[in-house]
Amino acid sequence: MPGILCEHCTAVCCRYIALPIDKPMTTKDFDDVRWYLLHEGVMVFVEDGDWYISVATSCRHLRADHMCGIYETRPRICRDYTTENCDYHSGDYNWQFHFSCPEHLDEYLRMHPPLSARKGAKTKRGRTGLRIKLPNRRKRAAKATDYVAATSDIRGVPLPVLRLPFSQ
């Protein structure tokens with residue numbers, strides 16, 4: 001590709017922010033994640049076991065030509081960003097899970113119920129004061145379920161199709 005890669009891009013990396021969040025463990029935690037997903041432009045994803053919230057919002061210094069309006073004084077996070085992991089260049093994300101609506105999270109929870117919702121789940125307080133799961137002596141095979149029947153949100157906007165690694 002001749003020239004600078006950014007000359008060909010529409011500045012995908014400047015149109016969202018992604019921040020790490022605590023891994024949800026309880027029903028309450030997952031209800032909080034569900035609340036995030038009820039908001040437009042919000043997604044949650046899991047990458048390398050870490051949970052992130054992503055908010056679709058453009059940088060206020062992104063120019064109409066998709067270039068940075070404060071390039072010389074841009075923040076460190078922008079300076080550290082390289083084309084090695086570029087959204088335009090790679091196009092392939094290493095998400096283990098990606099939730100763009102509450103229905104996607106509901107499907108995930110059918111296969112991975114939170115600790116507080118598991119029948120007979122035994123917990124104890126660890127040294128840190130956090131609850132830890134004790135091993136379950138009887139293991140049950142995970143049952144595959146159908147995708148959520150909802151194909152659109154309350155306003156009729158089509159929902160994205162969920163593709164999880166365990167549903168092939």
Within segment 69-78, track down each residue that is surrounded by 13 or more Cβ atoms within 10 Å (Cβ to Cβ) and part of a helix (DSSP H, G or I). CYS78
Is it the case that GLY49 is in contact with a strand residue (DSSP E or B) (Cβ under 9 Å, 6 or more places away or on another chain), touching a residue at least 24 places away in the same chain (Cβ under 8 Å) and either under 15 Å from PRO20 (Cα atoms) or of a type in the set (Gly, Ala, Ser) (or both)? yes
Among the residues of segment 9-43, write down those that are surrounded by fewer than 17 Cβ atoms within 10 Å (Cβ to Cβ) and assigned to a strand (DSSP E or B). TYR16, ILE17, ALA18, LEU19, PRO20, ILE21
With the requirement that a residue be outside any loop (DSSP other than H, G, I, E, B) and more than 17 Å from SER100 (Cα to Cα), what does segment 44-63 give you? LEU62
Is it true that HIS66 is in a loop (DSSP other than H, G, I, E, B), at positive phi and either surrounded by fewer than 14 Cβ atoms within 10 Å (Cβ to Cβ) or not charged (D, E, K, R) (or both)? yes
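A short reminder: the numbers here are calculations on the coordinates, not readings from a lab. The model shown is predicted, which means the values in this text are computed figures rather than measured ones. Neighbour counts are summed over all protein chains in view; Cβ atoms, including those assigned to glycine, are modelled from backbone coordinates with ideal geometry.
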